[in-house]
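Student: The structure that follows is given in the form of structure tokens.
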Amino acid sequence: MSFTPATRLLAVFTVLLALSGCTAKHQSAFVAPSPSTSPTPSITPTQQPTPTASPKPKSLEWYVAKAPAYEPVQPHPVKLPTNGSPPFWLRVPTQDKVAFITIDDGALARPPAVPDFIRDARIPVTMFLNSPAATEYTPYFKAIEAAGGVVENHTIHHTSLRGKSYAYQRQEICGSADKLEHLFGKRPTLFRPPFGDHDDTTIRAAKDCGAKALFYWTETVDKGIVRYQTPDKRVKAGDVLLMHFRPRLMDDLLAALKAIHAAGLTPALLTDYV
Ligand SMILES: [Zn+2]
């Protein structure tokens, strides 16, 4: 058996690494490339990963495999206030071990694998859409609807409603509800005011446009990270998680599912409770 000078050098390096107690991770950087790519063994650490490299795009199958499995909970619909005025809720007043995933807006980004992910991983989602985005990208939102998602109302122009006239607020809420009903064949019954901004006029206008309840949120999810509004950093029964149609919605959905699962809860549809 003969050694080339480079091979001998590699052997010396390996011994030195072993003596210095280097970790396997560091040694791997010195592994010679396969003969098919380079016939000459090299000691140049070209394969060392750079810490700033972004993660490779992951497949739909990867996301579905990572999504926690769950058994749907038999829903117990909540009682609405008897005064006829729709409530504004941060979380749904339920004792069921469920939390709610909501996705807002619709104009910014619509990752193509999301409808398949929602179908394959059986993720119950409520979409609060702005009607122009729903109009422009109807097939995308219908695909999510076909996968089990529900379309609800988030105004036409995504402006803050607080302090605006009844006529203005009614036009923003009813105008969007009319359009969504036309597009999807079902009038929205839930409403989320943009930014959560609202006043008594918003409640009145929402009621007159057919809303049974208005929603804020308890957690937000962005870039695959769940942000909590309470220090114990745990999803609670009835919590409403907010994310948006943004480029990393796949990661946001997965992060929400994991957080809900870690809290011993199950994702559920708002319309099964309200
Ligand atoms: Zn919004």
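The values are calculated or read from the model by the stated rules, or taken from the named source; none is laboratory data. Please read these numbers as outputs of a predicted model, since none were measured by experiment. Cβ atoms come from the backbone with ideal geometry, glycine included; neighbour counts cover every protein chain shown. Just so you know, the surface numbers come from the protein's heavy atoms only, side chains and all, with ligands and any DNA or RNA stripped out. Shrake-Rupley method; radii C 1.70, N 1.55, O 1.52, S 1.80 Å.
Student: Nearest 0.05, what FRET efficiency do Leu108 and Lys79 give at R0 = 30 Å with Cβ-Cβ as r?
Tutor: 0.25
Student: Which of the trypsin sites (Lys or Arg not before Pro) found in segment 208-274 are in a DSSP loop and have at most 16 neighbouring Cβ atoms, other than their own, within 10 Å?
Tutor: Loop-located and lightly packed - Lys212, Lys223, Lys233, Arg234, Lys236.
Student: Distance between the C-alpha centers of segment 197-274 and segment 140-165? Whole Å please.
Tutor: About 14 Å separates the Cα centre of segment 197-274 from the one of segment 140-165.
Student: Given an 8 Å cut-off on Cα distances and at least 6 residues of separation, report the relative contact order of segment 60-272 as a percent. Intermediate results must be reported in sequence, preceding the final value.
Tutor: Numbers: 460 pairs, mean separation 66.6, N = 213.
Computed over segment 60-272, the figure is 31 percent.
Student: Once phi is turned into θ = phi - 60°, what whole-Hz ³J(HN,Hα) does the Karplus curve with 6.51, -1.76 and 1.60 give for every residue of segment 226-235, x standing for Gly and Pro?
Tutor: Karplus values, whole Hz, x for Gly and Pro: 8, 10, 9, 9, 10, x, 7, 6, 9, 6.
Student: Same structure, new question: On the accessible surface of segment 169-253, probed at 1.4 Å, how many percent belong to carbon and sulfur atoms? Before the final figure, lay out each step's value.
Tutor: Details: 1790 of 3570 Å².
Within segment 169-253, the accessible surface is 50 percent carbon and sulfur.
Student: Ignoring ligands, DNA and RNA, what accessible area per residue does segment 149-236 give at 1.4 Å, in Å²?
Tutor: Details: 4050 Å² over 88 residues.
That works out to 46 Å² per residue.
Student: Quickly work out the Tyr166-to-Tyr216 label distance, labels modelled 7 Å from Cα along the C-beta direction, and quote it in nm with one decimal.
Tutor: 2.5
Student: Turning to a different aspect of this structure: Starting at the first residue of segment 170-179, write each ³J(HN,Hα) from the Karplus equation 6.51 cos²θ - 1.76 cosθ + 1.60 with θ = phi - 60°, in whole Hz, x for Gly and Pro.
Tutor: For segment 170-179, the Karplus-derived couplings read 4, 5, 5, 7, 5, x, 5, 4, 4, 5 Hz, x marking Gly and Pro.
Student: Once you order the gyration tensor axes a ≥ b ≥ c over the Cα atoms, which shape class does segment 70-117 get: rounded for a/c under 1.5, otherwise prolate or oblate by comparing a/b with b/c?
Tutor: Oblate, because a/c is 1.5 or more while a/b does not exceed b/c.
Student: Across segment 88-94, in residue order, what do the Karplus-derived ³J(HN,Hα) couplings come to in whole Hz, using 6.51 cos²θ - 1.76 cosθ + 1.60 with θ = phi - 60° and x for Gly and Pro?
Tutor: 10, 10, 7, 9, 7, x, 10
Student: Percent antiparallel among DSSP beta bridges with both residues in segment 60-272, to the nearest 5?
Tutor: Working: 4 of 28 bridges.
Within segment 60-272, antiparallel bridges account for around 15 percent of the total.
Student: Next question. From the square roots a ≥ b ≥ c of the eigenvalues of the alpha-carbon gyration tensor of segment 229-274, which class results: rounded (a/c under 1.5), prolate (a/b over b/c), or oblate?
Tutor: Numbers: a/c = 1.67, a/b = 1.15, b/c = 1.45.
Judged from the Cα gyration tensor, segment 229-274 comes out oblate (a/c at least 1.5, b/c at or above a/b).
Student: Given contacts defined as C-alpha pairs under 8 Å and at least six residues apart, what's the relative contact order of segment 141-220, whole-number percent?
Tutor: Contact order relative to length: 34 percent.
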